[in-house]
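Below: the structure, in structure tokens.
Here, each number is a calculation from the coordinates, and none is a lab measurement. Remember, predicted model here, so these are calculated numbers, not experimental data. Neighbour counts run over all protein chains shown; Cβ positions are idealised from the backbone, glycine included.
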């Protein structure tokens, strides 16, 4: 006997993500899903961003990692509320994990929530969490061919931050090719060239953030 | 790498059908998987075989239909294949994905 099913496999996650989104809208909270490879500079970007805007914007962070509380400790030291999610092996965050983490944050007293996803260039792009914007960070050391090899995250993201531009003189990454490859997959991508080490270019990222809320 | 979570989602959906229709054995499940989803079929099958041990899904065959990425240029209407979304006809970059992002269960064969 044949049974017709015709169902999106990720339907359950998408339902929870929509519920999260309703909560975010009720609380007038702008939520960013920050994605990128391990070592791209996600936590460094957060540290810089918190230092720059925490006096103007009430900001909270959810940290996703396979294990350890290292990143949450780095964020806590910066003086903003943070919740650590340990996925225990899972390579991405999903709607349900975020839902549970929300209980540990005072959402009424936040304007901006940044969710740092598990370091991974593939899986986080597939799982919605109810975010307003997907922001991807890639470092120049990863190479200019990454958009061609991992198109989904580039396609899904609203913003691409190219980090570690201070290293360009020492490596073979062609940043123009990296931008061209990224825009070939998603012409709507807003691209900012930054260095979390020197602070170069970060003002444009803060301006973008400021324009969102 | 996300094949484990995807497999868990497949199993939940199939289990719902098993409960609704009081099914004793699932023979095969037909899936549509788009190229953009970056799923490794052998990994999906590996996870499925392990997770369905001792359930009515044990031994069921996963028939995975691979859907290539196809886009349509919003400016000139031309079709293109692959993940570089630049229209070969007019150079337009506003390309809508018309297939290749599928991740769906189509149907299943049961006893």
### Task
May I ask you to derive the relative contact order of the stretch A:1-150, considering only C-alpha pairs under 8 Å and at least 6 residues apart, and to give it as an integer percent?
39
### Summary
Mean per-residue count of partner chain Cβ within 10 Å for A:7-17 equals 5
### Query
Taking neighbour counts of Cβ atoms within 10 Å as a proxy for exposure, in what order, fewest first, do A:167, A:29 appear?
A:167, A:29
### Task
Give the whole-number value, in cubic angstrom per residue, of the convex hull volume spanned by the C-alpha atoms of the stretch A:13-137.
90
### Query
In chain B, what % of DSSP beta bridges are antiparallel (nearest 5)?
65
#### Entry: Paramagnetic reach from residue B:109 (point 7 Å along Cα→Cβ, amide N under 15 Å) across the stretch B:23-48
B:25-31
#### Entry: Approximate spin-label separation residue A:198-residue A:106, in nm, with each point projected 7 Å along Cα-to-Cβ
4.0
### Query
By DSSP, what percent of the beta bridges with both residues in chain A are antiparallel, rounded to the nearest 5?
5
### Task
Neighbouring Cβ atoms within 10 Å as the yardstick, rank B:38, A:35 fewest first.
B:38, A:35
### Task
Going by C-beta contacts inside 10 Å, put A:47, B:12 in order with the fewest on the left.
B:12, A:47
### Summary
Extend 7 Å from the Cα of residue B:63 along its Cα-to-C-beta direction; within the stretch B:21-54, residues with backbone N under 15 Å of that point are B:26-33
### Helix-derived mean residue ellipticity, 222 nm - over the protein assembly as shown, DSSP H n ≥ 4, -39500 (n - 2.57), to 500
-9500 deg cm²/dmol
#### Entry: Shielding of B:2-12 by partner chains, average beta-carbon count, 10 Å
5
### Task
Can you figure out the FRET efficiency of residue A:28 with residue A:206, using R₀ = 22 Å and their beta-carbon distance, to the nearest 0.05?
0.65
## Note on the structure
With Cα springs under 10 Å, the Gaussian network model of chain A assigns the largest mean-square fluctuation among A:36, A:143, A:119 to A:143
### Task
Take the eigenvalues of the Cα gyration tensor for the stretch B:4-79, scale each by 5, and report the square roots as semi-axes in whole Å, largest first.
31, 14, 10
### Query
Let a ≥ b ≥ c be the square roots of the eigenvalues of the Cα gyration tensor of the protein assembly as shown; is it rounded (a/c under 1.5), or, if not, prolate (a/b larger than b/c) or oblate?
oblate
### Task
Note down the relative contact order for the stretch A:143-195 as a percent, whole number, built from C-alpha pairs under 8 angstrom at least six residues apart.
56
### Query
Taking 0.36 nm per residue of separation and subtracting the Cα-Cα distance, what length does fully extending residue B:53 through residue B:40 add?
2.6 nm
